[in-house]
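One structure is given here, and the rest of the page talks about it.
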Amino acid sequence: MKKLNKTLAAFSMIGGLVAGSQTLAEPFKVGVCYDLSKAYTFATPQVSQAAMDLAKLVNMKGGIGGEPVEVIVRDHGNEPQRGIECYSKLSREGVFVFDTLSTPVSLAVLPRAMADGRVLMQSLVGRGDAVDGTVFDWVYPIGPTYWGQAANDVAYIKQLHDGDMSDVKVGFVYFDYPFGQEPIEILQTLSEKEGFELDLYPVPLPGSDQAGVWSKVRRDKPDHLIVWMLGGAHVVASKEMQRNRISMEKYISVNWLNEVDIANIGKEAAIGLKRGTNVVGGPDVALRQEIMTEIYEKGQGSGPLEKTEDVFYNTGLAMYSIVFEAARKAVELEGLPITATSYKAGLETLKDYDANGLMAPITVTPDDHGGGGKTRIEMWDGEAWVPQTDWIAEYTDVVWDVVRESSSKYEQ
Amino acid sequence: MFYRLSGVHHANYVSDSRIFKVPADRNLAIFIFLFGLAAPFLLPSLYLNSYMLPWLIWTAAALGLNLVTGWAGQLHLGYAAVMAVGAYSAIHAARFGVPWEFALIIGGLASSVIGSLFAFAALRVKGLYLALTTLAMQFVMDWVLTHSPAISGGSHASLQSPTLALLGQDITSDTGYYYVAFGWCVLVTIFMLNLKRTGLGRALVAVREKDFAAAILGVNSFYYKILAFAASSFIAGVSGALLVATFFFLAAPEQFSVAVSIQVLAMVIVGGLGSIIGSYLGVALILLVPGLVNGIVAGGSQSLGMQINVETLAHIPNAVYGALIVIILLIEPLGLGKLYGNIRDYLMVWPFDQLRK
């Protein structure tokens, strides 16, 4: 009997919570279901802080079409079922724009978002073939796919060798699981097409032991290294490279390399290191400056100041500039209130949008949900990141072949 | 006073082999069963498909692990890998055009075969050594999944599950999914309830307590260990397949990673080894409490108008949840199931036990 009463009490409490949460006002809400406590914490605090700061800025300027915006940040601990819980809960509260910034959770939420008609933003994570808008109606991985990013890295190397890659040797160092394996196919295709030699160097997770990998790299002497690793693994790699006398200039990282990693490698030791990116790094971008004067100098920042100096803060600003810009477009197109359909239409009218010089210009169309996939290569000069290329998106035909081949499997 | 009997005493063999030794337990089980049947009409759909459904499927899975760990006493750290085998085989079978009823059984059987391989390890090594061997199996499975696109599907090793259909009926509604999960969980629960009073159950317990002593009594520990692993793997396989078919809709290696294996083991240990109601409670604690605490902390800080950093906000529930596990295991090392038993036993003799003091 005691058990019964307890159960009843628990359920009535749950019922109360539900009833309470359904009486909110009508701002434009974005569901930010992030992993703030487990695997993705190298980036999520900065990105979510940027999202909240940007929402404050937008609200200070009168919101979107006169309505306020709200970002609802929740932790899902990188567990698919908690991500689904977050998604289900918020979508019943009327949220129709979601972002998970976690590949496992994005994968798990995707079938539901597709069935329910909710917009799933999944910049930089999740399945890359979702850029194919003809298959993935409701998914917008705006920004580069890993395939596109790797292809752009190859294009950069080709530039360095004046267009002739026949005697170039490229090493690909990657985490040996889907995140790192993804670019292999495209690199192999490009290696055949351009005639460069490709060597693969899988790194076992979690990347804390790379001794064997780098002594093999030393023997093989590749001219360039494209590196698909995260966080601390970059630091381990840099140590092994010093030990094996491999120049840092060969290192071209995926976009997941930030100022914290640079500080851990050592500002001097990292000179020459390169990374592909779709946002401008460093604290000097116009939007961040505006946030500084409008919010942080008034003491209203959503988090510590030093986090805003990180490149992932800029990444967050870029992601949410797109989210809010699309809402603005939606209001222009179909007026208030914004609905999932009008928001989708808003997203698909974004043309050469670069958030005032913050990121690679994007153009979203009903077919291309990736926005063009432009990136550039930046080099660390000891103090700041120096761009080495323009915003480029090369070998798009090859990339789209891979995208379509993969996305066609989803429909089966 | 609260129960009509003052302790559990058996006067004959029939009463000893009853499923429920205390009538109130049976009434509670009936009440929970009826509540489960009526849940789609009582609960909002959010609670139905984000809490109840995963709870039931994970409970079925945890009961399977309880069979091998709680009853047969074999520590198993590769349970999620066995679930993955079931999930992937069933989905591949269903994609190939096999009806779901058979696809689920194929998933279960495939798991049984792979899971029985663990049993061969269990015959050679025991305790912590077995734990490490099964952990190694988990890593092997992870590696196979991430390195063979033919098994794991296309982009990011994710495999789309076809629409679930049982008995010629397409299942697409929240209620439908829920009843499938409920049905499976009830089946597993009935099996486990009956296991206790069969020769098989007693043999497993004998093997758990001391396998060579069991051998002296004429219990073939080789046979029963394999049987335990095969049966529990079958449950794992079908549960894994149903988890994907009714909840994730898409299988990915992360859903069956080593972290998940440890989580299921935690469910069983916190719930109580060899306890059925304990498995239900343990799953609720490990699976649902983090999300609930998260919601309560977030809601609480919002309504109190506190400006807490989102990161701190994400870590408080983790700390609370961790503390909860520690406190529960300190109060009752035998888990939540035993805690329930303690409360029941106390109430059964109250207030007469007070006279003795």
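Things to note:
- Taken over segment B:208-220, the residue count meeting the criterion of being surrounded by 13 or more Cβ atoms within 10 Å (Cβ to Cβ) and more than 21 Å from B:Val82 (Cβ to Cβ) is 6.
- Just one of the numbered conditions (1) under 21 Å from B:Asn294 (Cβ atoms); (2) modelled with pLDDT of 90 or more; (3) within 12 Å of another protein chain (Cβ to nearest Cβ) is not true of A:Leu24: (2).
- From the options B:Ala252, B:Ala245, B:Ala266, residue that is surrounded by fewer than 24 Cβ atoms within 10 Å (Cβ to Cβ), within 14 Å of chain A (Cβ to nearest Cβ) and small (Gly, Ala, Ser): B:Ala266
- Within segment B:316-324, none of the residues are in contact with a Phe, Trp or Tyr (Cβ under 7 Å, 6 or more places away or on another chain), at pLDDT below 85 and surrounded by 13 or more Cβ atoms within 10 Å (Cβ to Cβ).
- Meets criteria (within 11 Å of chain B (Cβ to nearest Cβ), at negative phi and at pLDDT 90 or above) for A:Phe96: no
- Residues in segment B:278-309 that are facing chain A (nearest Cβ under 9 Å) and either surrounded by 21 or more Cβ atoms within 10 Å (Cβ to Cβ) or among the basic types (Lys, Arg) (or both): B:Leu287, B:Pro290, B:Gly291, B:Asn294.
- Pick from segment A:148-178, criterion at pLDDT below 90 and within 11 Å of chain B (Cβ to nearest Cβ), ranking: nearest to A:Lys409 (Cα to Cα): A:Pro178
- Looking only at segment A:332-345, and only at residues there that are part of a helix (DSSP H, G or I) and hydrophobic (A, V, I, L, M, F, W, C), the one that is farthest from A:Val139 (Cα to Cα): A:Leu333
- Selection of segment B:33-72 for residues being within 14 Å of chain A (Cβ to nearest Cβ), surrounded by 21 or more Cβ atoms within 10 Å (Cβ to Cβ) and not in a helix (DSSP H, G or I) yields an empty set.
- Residue that is surrounded by the fewest Cβ atoms within 10 Å (Cβ to Cβ), among those in segment A:68-85 that are in a helix (DSSP H, G or I) and at pLDDT 90 or above: A:Ile84
- Residues (in contact with a Pro (Cβ under 7 Å, 6 or more places away or on another chain), of a type outside the set (D, E, K, R) and either in a helix (DSSP H, G or I) or closer than 27 Å to A:Gly335 by Cα (or both)) located in segment A:346-379: A:Tyr353, A:His369, A:Gly370
- Single unsatisfied condition, B:Leu77 versus (1) assigned to a helix (DSSP H, G or I); (2) closer than 23 Å to B:Ile262 by Cβ: (1)
- Residues in segment A:113-125 that are over 9 Å from the mean Cα position of the chain (by Cα) and touching a residue at least 12 places away in the same chain (Cβ under 8 Å): A:Ala113, A:Met114, A:Asp116, A:Gly117, A:Arg118, A:Val119, A:Leu120, A:Met121.
Rundown of residues vs (1) among the hydroxyl-bearing types (Ser, Thr, Tyr); (2) surrounded by fewer than 23 Cβ atoms within 10 Å (Cβ to Cβ), yes/no style:
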position: A:Asp164; (1), (2): no, yes
position: A:Val173; (1), (2): no, no
position: A:Gly180; (1), (2): no, no
position: A:Ile186; (1), (2): no, no
position: A:Ser191; (1), (2): yes, yes
position: A:Glu194; (1), (2): no, yes
position: A:Glu197; (1), (2): no, yes
position: A:Pro202; (1), (2): no, yes
position: A:Ser215; (1), (2): yes, yes
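- Of the helices (runs of 4 or more DSSP H) lying entirely inside segment A:135-202, those containing at least 3 residues that are free of Cβ contacts under 8 Å to residues at least 60 places away in the same chain span A:184-194.
- Some residue of segment A:38-55 being outside any helix (DSSP H, G or I), surrounded by 18 or more Cβ atoms within 10 Å (Cβ to Cβ) and either in contact with a helix residue (DSSP H, G or I) (Cβ under 7 Å, 6 or more places away or on another chain) or more than 10 Å from chain B (Cβ to nearest Cβ) (or both): yes
The values are calculated or read from the model by the stated rules, or taken from the named source; none is laboratory data. These numbers come from a predicted model, not from an experiment. Cβ coordinates were reconstructed from backbone atoms using ideal geometry, including for glycine residues, and neighbour counts include every protein chain displayed.
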